[in-house]
Structure formats: C-alpha cells, structure tokens
Amino acid sequence: MPRKAEEATEDYLEMINLLVAEKGFASTSDIAERMGVSQPTVTNILKKLDKQGYITYERYRGMALTEAGKNVARKMKDRHQTLVSLLVLIGVPEKIAIEDAEKIEHGLHEQTVRKLQELIEQLKKAS
C-alpha cells in the first residue's frame, strides 16, 4: 500500500533530525541508505521539503531543518517513543515495538497521544 505524502514528509524530517543529532549533519547518501531509497529520490523529496518550508536545502551544500521542520520531527520522535514505551510496557519485545510504532505513529490524533502518555505514566507508577 503506498504511503501518504504526509507520512513520507514526517519520516524524512524525523530521519534528518536523527542524523543531525547523531553526526551533526544529514547527507543525501545517509538519508538514502537509512531509508532504503535512491539518492535521486532523496534529492526530489528534499526539494519538496524546501518548497514546503520544512528545510533549507542547497544541492551539494547541505540542508537544515527550519523551525517548522524541527517541530514536525520533534512531534514524530515523541510519538514514536510514546508508542515504543507503551508496547514494551505491555510485554512486546523492544525490536518488535520499534517496528510496530513506525507503522502506527502517523495517523494518531494529538489527544490520543496525550492519553497514551498518561496511561504509560499510570502503568509505570503501578509497577
């Protein structure tokens, strides 16, 4: 099933943010390798993200997340971590929890994420 454009945008912003945190920069080759796509595909996506105001991108010079891009990346990281935490708390092995969180993180409403975070806190206190 093809991914929605919004999901791809979120995934790319999350990956750029992760690479910058790990290495101090994100290259098209690193993004392509981690996401399992070609460098030309990454370049096309980066151009779109630049036009949408999520990154500043200059070919051969690099990229940087804008505040809007950082906000989306941060939101997706928090969402992902919330889901992983919940799944691990209910007994799902961490490797599977990480894979499953990636599959379900995109469509959740903010209110649902907040309720899941509250549930996690309650479960942690009870254990």
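The values are calculated or read from the model by the stated rules, or taken from the named source; none is laboratory data. Predicted model, so just to flag it, every value in this text is computed and none were measured. A quick note on method: Cβ atoms are made from the backbone with ideal geometry, for glycine too, and the neighbour counts reach across all protein chains shown.
Annotations for the structure displayed:
- Each residue in segment 50-72 was checked for being touching a Leu at 6+ places or on another chain (Cβ under 7 Å), part of a helix (DSSP H, G or I) and either at pLDDT 95 or above or loosely packed, with under 14 Cβ neighbours inside 10 Å (or both), and 1 of them qualify.
- Set Ala32, Ala26: member being surrounded by 14 or more Cβ atoms within 10 Å (Cβ to Cβ), in contact with a helix residue (DSSP H, G or I) (Cβ under 8 Å, 6 or more places away or on another chain) and modelled with pLDDT of 95 or more: Ala32
- Every pair of residues 6+ apart whose Cβ atoms lie under 7 Å, when the first sits in segment 39-62 and is assigned by TED's automatic domain parsing to the domain that holds Glu14 while the second is part of a helix (DSSP H, G or I) and among the charged types (D, E, K, R): Thr56/Asp50; Tyr57/Lys47; Tyr57/Asp50
- Enumeration of residues in segment 76-95 that are buried (at least 16 other Cβ atoms within 10 Å of the Cβ) and either at pLDDT below 95 or not in a loop (DSSP other than H, G, I, E, B) (or both): Met76, Lys77, Arg79, His80, Thr82, Leu83, Val84, Ser85, Leu86, Leu87, Val88
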